[in-house]
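See below for the structure under consideration.
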Amino acid sequence: MANPIKGIDVRRVDPVVEAFRADVDVTLLEKNLRLSVEERFLQLMELQRFAAELRSAGRKAARG
């Protein structure tokens, strides 16, 4: 299989990436990368439960 990035100068900095880089909290990325795959899935499932709870509360509030 051919190298997908062959011929691309990886040292070149994309200005769009550079613009967003200031807004990225690298400590959060590092913290999440230290988690196991299972721990990440558990976090995701908890986030999904929380989102469902918020949707439910929003619907209830909209009904009065």
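General remarks:
- Hey, L35 in a helix (DSSP H, G or I) and out of contact with any Gly (no Cβ under 9 Å at 6 or more places or on another chain) or not: no
One line per residue, one yes/no per condition, for (1) surrounded by 10 or more Cβ atoms within 10 Å (Cβ to Cβ); (2) modelled with pLDDT under 95; (3) in contact with a strand residue (DSSP E or B) (Cβ under 7 Å, 6 or more places away or on another chain):
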{"residue": "V10", "(1), (2), (3)": "no, yes, no"}
{"residue": "D14", "(1), (2), (3)": "no, yes, no"}
{"residue": "A19", "(1), (2), (3)": "no, yes, no"}
{"residue": "V26", "(1), (2), (3)": "no, yes, no"}
{"residue": "S36", "(1), (2), (3)": "no, no, no"}
{"residue": "Q48", "(1), (2), (3)": "yes, no, no"}
{"residue": "A51", "(1), (2), (3)": "yes, no, no"}
{"residue": "A57", "(1), (2), (3)": "yes, no, no"}
{"residue": "G64", "(1), (2), (3)": "no, yes, no"}
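The values are calculated or read from the model by the stated rules, or taken from the named source; none is laboratory data. Here the structure is a predicted model, which is why all the values come from computation and not from measurement. Cβ sites come from the backbone with ideal geometry, for glycine too, and all protein chains shown count toward neighbours.
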